[in-house]
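The next block holds one structure in the form of C-alpha cells; read it before the comments.
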Amino acid sequence: MGVSHYEFEASFSLPAPDSWMFSSALSWKRYEFDLTGAVPVPEELEEFGLNFMAMKDLAQEIGPGWSAMAMLSPSFSSDSGKLSGDSFSLMGFAMIGKEVSPTFSWNVGIVGMSRGDMKVFPMLGVRWGFAPGWDLQLGFPDTGLSYKFSEALTLKAGAKFHGGTYHVAKAPAAGLGNTYLDFQEIRLGLSAEYQFSRNLSVVVDGGTTANRTFDYYDRNMKFDGKAAGYGSFSLKFQF
C-alpha cells in the first residue's frame, strides 16, 4: 500500500471583545491509497471541515497567565467526498492552562467526538523553552523538540498523529459497506521550516510511520500496517 496525503487549511481571525480572541478555519484533507493486492481498504478518504475557536484571557478572573480555550469543529468525512448525514461528525474540546513564565506553560482539557471508537478522552499539553533557541512541546496531536537555528530556519524532531473517522459507503470487501473506518497513523520524523519572509515559509518533513491502523470498529475488524517511510512538503502563507 502506498499513501498520498493532501491537505489545505485557511484560518481567519474574527472581531472579539477585550480579553477574548475568536478565529475560524476551513479545511480539506484527502488520502489516496495505492493498493497492490486484495486489501479491504477504500481507495480514497476525504474530509471537509470547519472549526470555530474562542480563547479567553483569565488574568482578571483567576490571575496572571491563566487562559481558557474552546473549539467546535463540524466536518464531513467519507470515502466518496459526499456531504450527507452519514458522513457528518462533530469534534470539540475545552481546556484551561497557565503560562507560568515566558518559557514554560501547561494546559489540561477534554476532547469529545460524535464518531469513532473513542468518543471522549483527556488532553494534556506542556511547552518548555529550556534553553535559548530550544523548545519542547508535549501533547496531542503534535509532540516534538525544536531548535531555532537562525531567524529564518527552525529544525524539529517529533511525533505527529494523522487520520480520522470516515463513513464507508462503497464496500472495499464483503460486509464492509455502509460502516465507519477509523484510520490512524503516527509519524516519527524530522522537519525543517524556512521562513523566506514575514508572510511566506516552507516546511520539509520526512521519517517513518510507527503505527498505521484501519479499524472498522462497528464490524469488529481491524488491520495493522507495517512501518513505512514518508516525506512531505508544506507551504504556509500569512496575510
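The values are calculated or read from the model by the stated rules, or taken from the named source; none is laboratory data. Here the structure is a predicted model, which means the values were calculated and not measured. With ideal geometry, Cβ positions are generated from the backbone for all residues, glycine too; neighbour counts draw on all protein chains shown. Remember, those area values only see protein heavy atoms, side chains included, never the ligands or the DNA or RNA. Shrake-Rupley method; radii C 1.70, N 1.55, O 1.52, S 1.80 Å.
Only one of the numbered conditions (1) surrounded by 15 or more Cβ atoms within 10 Å (Cβ to Cβ); (2) not in a loop (DSSP other than H, G, I, E, B) is not met by Ile110, and that is (1).
Figure legend. Inter-residue proximity from the stretch 110-124: first residues farther than 22 Å from Val168 by Cα and in contact (Cβ under 8 Å) with a residue 12 or more places away in the chain, second residues in a strand (DSSP E or B) and polar (S, T, N, Q), beta-carbon distance below 9 Å, spacing 6+ or different chains. Indicated pairs: Met123/Asn107; Leu124/Asn107. Going by the conditions given, is Ser67 within 12 Å of Ser114 (Cα to Cα) and open to solvent by less than 40 Å² (accessible area, probe 1.4 Å)? In short, no.
Listed here are the residues, each with its yes/no results for (1) under 30 Å from Pro42 (Cβ atoms); (2) modelled with pLDDT under 95.
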| position | (1), (2) |
| --- | --- |
| Val126 | no, no |
| Gly129 | no, no |
| Trp134 | no, no |
| Leu138 | no, yes |
| Pro141 | yes, yes |
| Tyr147 | no, no |
| Lys156 | no, no |
| His162 | yes, yes |
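Kindly establish whether Val168 is over 17 Å from the mean Cα position of the chain (by Cα) and closer than 18 Å to Phe33 by Cα. Criteria met by Val168. Pairs meeting the criteria (first residue in the stretch 2-22 and open to solvent by 90 Å² or more (accessible area, probe 1.4 Å), second residue of a type in the set (D, E, K, R) and in a strand (DSSP E or B), beta carbons under 6 Å, at least 6 apart or on different chains) are Tyr6/Arg30; Glu7/Lys29; Trp20/Lys56. Restricted to the stretch 143-184, and to residues that are among the charged types (D, E, K, R) and free of Cβ contacts under 8 Å to residues at least 60 places away in the same chain, which residue is least open to solvent (accessible area, probe 1.4 Å)? For the stretch 143-184, the residue satisfying everything is Lys156. Restricting attention to the stretch 221-239 and to residues that are open to solvent by 90 Å² or more (accessible area, probe 1.4 Å) and either at pLDDT below 90 or within 19 Å of the chain's Cα centre (by Cα) (or both), the residue that is nearest to Tyr166 (Cα to Cα) turns out to be Asp224.
Here is the figure for the stretch 47-64: residues that are buried (at least 16 other Cβ atoms within 10 Å of the Cβ) and in contact (Cβ under 8 Å) with a residue 40 or more places away in the chain total 1.
Looking across the stretch 171-220 at every residue that is in a strand (DSSP E or B) and basic (Lys, Arg), the one that is farthest from the chain's Cα centre (by Cα) is identified as Arg212.
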